[in-house]
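S.K.: I'd like to ask some things about the structure below.
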């Protein structure tokens, strides 16, 4: 699976809605994050290995360590810190906190759409958590 290489300093919301929570692990700006129900709903890097970990709440807008506040984009448009291809669907990777193109998903991965490339600096997002696995 080819994950996108994110330049954290470039990740910024352009329009849309934000949320806030508490980190339950090391988080880097640009990571897809989920709420860990087994850890007081703290935010952790998402991956597609289970339905729970693929239940993305948004994309981190700041770096944080365990116990620190995290701002995240929930929906709208943002600069993902990589160069998205217009029309490409981006999903949560099997690597924690990473994003990849949907074409890179493998058998048994849980599918969570992060967004669709709009142009070279914009991803239109609003996570779609399907709960479905790739056959």
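What follows is calculated from the coordinates using simple rules that are stated; it is not laboratory data. In this text, all values refer to a predicted model and were calculated from it rather than measured experimentally.
S.K.: What is the gain in length, in nm to one decimal, between residue 2 and residue 22 on full extension, counting 0.36 nm per residue of separation less the C-alpha to C-alpha distance?
M.R.: Difference between extended and current length: 4.3 nm.
S.K.: While we're here: Quick one: grab Rg to one decimal and Dmax as a whole number for the chain, Cα atoms only, in Å.
M.R.: My reading of the Cα-based Rg and Dmax gives 13.3, 38 Å.
S.K.: Given contacts defined as C-alpha pairs under 8 Å and at least six residues apart, what's the relative contact order of region 2-135, whole-number percent?
M.R.: Relative CO of region 2-135 lands at 27 percent.
S.K.: Antiparallel as a % of all DSSP beta bridges within the chain, to the nearest 5?
M.R.: Antiparallel bridges: around 95 percent, rounded to the nearest 5.
S.K.: Still on this model: Where the Cα atoms of region 1-73 are projected onto their three principal axes, how long is each span, largest first, in whole Å?
M.R.: The principal-axis extents, from largest down, are 32, 30, 22 Å.
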